[in-house]
Amino acid sequence: MIYNTGIIFSWISFSLLIFLFFNKKNLYTEILVRVNLFIQVFLFCLLEVGLFLNDFSLSYVANYSAESTPPLYKFASLWGSLDGSILLWNLCLSLFMYFYLKLYKDPSSNIDIKIFTLIMIFFVGYTVFSSSPFAGCIELATIGCSASTILPFAELVTSNIGRGPNPLLQNHPLMAIHPPMLYIGYVGMTMPFVAATSRLYSRKDKSNSWIEVAEKTTYIPWLFLTIGITLGAAWSYEVLGWGGYWAWDPVENVSFIPWLLATAFLHSAKIQKTQNTLLNWNYILVGLMFLSTLFGTFITRSGVLISVHAFSNGNIGTYLLFGMLLFGLIFIGIGSKNIEYFSKSKKIDNWFGKSGFFVFNNIFLFSSALVIFIGTIFPLIYETLYSRQITVGRAYYDILVGPLLLILLGLMIFSVKLSIRNLNIQKWFNENVILINIALIVTIFTLFLLNNSYILIITASFSFLLIFTTVSNFYKSFRLTKGSNSYWTGQIAHLGIGIFALGIILNVSQSFSTEIELNSFQEFNFNNDTYFVYNTIEESLPEKNVLKLPISNSNQTKYTSLNIFKNSAQQAISSPAVFRSIINDIYITVKFINEDSYKLIVRNNYGVLIMWIGLLITSLSFFPRLRKNEV
Amino acid sequence: MKKNFIIVLLGIGLIIYASTIIASRNTIYYYTTSETENIEITTNERIKLGGFVVEDSVSQEDGFTVFTITDGNKDIEIVFDGFIPELFQENMGVILDGVLDNDIFFADDMLVKHDNEYVSSDGETYDVKSYSK
């Protein structure tokens, strides 16, 4: 029932989009976009119903959900694997299409909706022709389903029991929120692409209107990408028990590349709006932003690279490469039609004025993105040339990306008060002498308490100065409502990044760990506190067995737990016990359990909470944009 | 306009060149267990070794975790001293980081695949079950 309805409605959605694309008279555009949105919402709900009713005749439900799966994770199973996540992707895309139509549509032409439709045809086409989350099961595996059909009205077989979602995805609620945030970020990058290409294609208005729309529509996906990446890092830290949050893994990298490009664009778009310069560069950035999200999905889903995020899959890789080629060509075609317009781009006058600083910002952000891109695809190229599999070591990123981000941190300090004219460094020093001194004193004071390195000294002083200048600026000018809304958005984001940088440098330079062997009901000392280990407790829940080891210090008791999931892939996962404080976390994981003796890994992780607070502040940067008096 | 274009291209070229050089100095080779037979590795060269954990092979000896991994053709004994990721299980695909010495691999870092399917370089998917003995 769900199987037939799902497949038929996927087809209806596909035909409707084809009609919308070839619809010459542009009749009913709004109605069709609405109907399309309605169908996508319907399909989303339909699969959710399938998941909640345990309809194991659907191959997707049989393979990625189980009767015993708790409701939250049943709901999240929809995006737990490739086919379902494309459904969520389509839902986001149709939401954005509707949103775009309502708020940003070019009144003089329909081409923007057509480009949007083309992108949507591409993704809906995948669910119609290649693999659908509504595929019916025609052959059973021991658990779950081994063969399925995407044609309607086939004879289906139903298994009694589902395989359940990947255990990792049902260990922490963060995993239910993190992927949709990233999807919204990824899919949202379609909007600036559509804005730029369509408005330059129709060329009805030769103004800079495309940059305004592109800038506004970039901020939303940028925000969601920020949140998505943060949640992913937090999840990795909270669940995986390795004590880290970022590993320069290919899948992490490809979510960071669009973020860096979008950040660059949000800055350079400002310069184009006020000084009509960098026209061609901005167009290229918008294109790369969109293509980098397709590239990201390609790396994530094609399994061409060795990654912790090993989502093995079928033919989506080639399909996405084809998409990158197609949309890349459209992008280049429309760009080359506008060579004349781009050549009107004004030159940068003052390299140490506002525009110059924004260009530097773009150079370093773009370079970081390029370096990460090369690091990510390097193993692919190497394998093609020498037929040997390799990975690029962490040192690569430390050597190259670290300094670039440090320079960006330094540049942000000047962002508080930039004028069109060149910066007078003498004057700047005089104006900020108090803050500079305070920052230096705080840095020196901090260094007395910590292990030193010159990277720490530079980063800490930059961070402190950035935080102080930004905060004092807030104090002085925010009440006077000086500056535009987007200026304050930037200032809040910078403040967050400053705090984040402080957290990360503390974490990188100060953290340490040790291994401790002991038996039940024994205690150990670590970092001026005593920890007491009890005996393991076993708990049985419908979907899993949990083995908990309580550990307590003078204030509280925490558990490191080992979760063994029933009737699913034979994986066990455990969560660390984390004793949190603002400066450092004591992070305890079990290395192994032997009868009632344990080997524990105890880490002292500095700055983690400071990092999360910084990123939270950056995510709150949207508040000024809600103010009505747009300047 | 043209001058700027050339400067930008040169800049990008420089970054690509520098990145490639640094990346090639930081490569870590990745082998399957069978591949270790045909290669020459200098002692103490760090490599990555991938394979499936053989069932009933995991034990604890002197604080080390000892187990065997296989790619279906060749088994290699692993002596592991490091943090066992929470996903570590028999029959699972793992990638280990360490040094190979006389057919024993001393590893201190481990990466466990999220999925229970192993995709080889030729894109073929191996079911873990068919490899367990």
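Roughly how many whole Å is it from the C-alpha centroid of the range A:425-456 to that of the range A:1-45?
59 Å
Rounded if a/c is under 1.5, else prolate if a/b is larger than b/c, else oblate: which is the range A:123-234, with a ≥ b ≥ c the root eigenvalues of its Cα gyration tensor?
Note, shape of the range A:123-234 comes out oblate.
Between Rg and the Kirkwood Rh of the range A:1-169, both from Cα atoms, what is the Rg to Rh ratio?
1.04
Looking at the square roots a ≥ b ≥ c of the eigenvalues of the Cα gyration tensor of the range A:391-473, which shape do they give, rounded for a/c under 1.5, prolate if a/b is larger than b/c, or oblate?
Oblate is the answer for the range A:391-473, as a/c is 1.5 or above yet b/c matches or exceeds a/b.
What aspartates and glutamates does A:K337 reach when the alpha-carbon gap must be under 16 Å and sequence neighbours fewer than 8 apart in one chain are set aside?
The qualifying aspartates and glutamates are A:D205.
Determine ³J(HN,Hα), in whole Hz, for all residues of the range A:270-280 in sequence, where each value follows from phi through the Karplus function 6.51 cos²θ - 1.76 cosθ + 1.60 and θ = phi - 60°; x replaces Gly and Pro.
4, 5, 5, 5, 8, 10, 6, 10, 6, 4, 5
Using the 4.7 Å Cβ rule, please list in number order the cysteines from the protein assembly as shown without any candidate partner.
A:C45, A:C92
List, in order, the whole-Hz ³J(HN,Hα) value for each residue of the range B:4-11 obtained from phi through the Karplus relation with A = 6.51, B = -1.76, C = 1.60 and θ = phi - 60°; use x for Gly and Pro.
After applying 6.51 cos²θ - 1.76 cosθ + 1.60, I find 4, 4, 5, 4, 4, 4, 4, x Hz.
State the volume of the convex hull built on the alpha-carbon positions of the protein assembly as shown, expressed per residue in Å³ and rounded to an integer.
Residue-normalised Cα hull volume stands at 172 Å³.
Going through the cross-link list A:K544/A:K591; A:K347/A:K417; A:K270/B:K2; A:K344/A:K427, which pairs have a Cα-Cα distance over 29 Å in this structure?
A:K344/A:K427
Determine the calculated [θ] at 222 nm for the protein assembly as shown from helices alone, applying -39500 (n - 2.57) to every DSSP H run no shorter than 4 residues and normalising by the residue count; nearest 500 deg cm²/dmol.
About -17500 deg cm²/dmol.
What is the distance in Å between the Cα centres of the range A:228-281 and the range A:345-414?
Between the Cα centres of the range A:228-281 and the range A:345-414 lies a distance of 12 Å.
³J(HN,Hα) across the range A:107-120 via Karplus (A = 6.51, B = -1.76, C = 1.60, θ = phi - 60°), whole Hz, x for Gly/Pro?
Values, residue by residue: x, 8, 8, 9, 5, 5, 5, 5, 5, 4, 4, 4, 5, 6 Hz.
Which of A:F521, A:I12, A:S453 sits closest to the plus end of the dipole of the protein assembly as shown, meaning its Cα is farthest towards the positive end, when Lys and Arg get +1 and Asp and Glu get -1 on the C-beta?
The one lying farthest along the dipole's positive direction is A:I12.
Laboratory data are not the source of any read-out in this text; all were calculated from the coordinates shown. Computed from a prediction, not measured in an experiment: that's the story for all the values here. Virtual Cβ from ideal backbone geometry, glycine too; neighbours counted across all protein chains shown.
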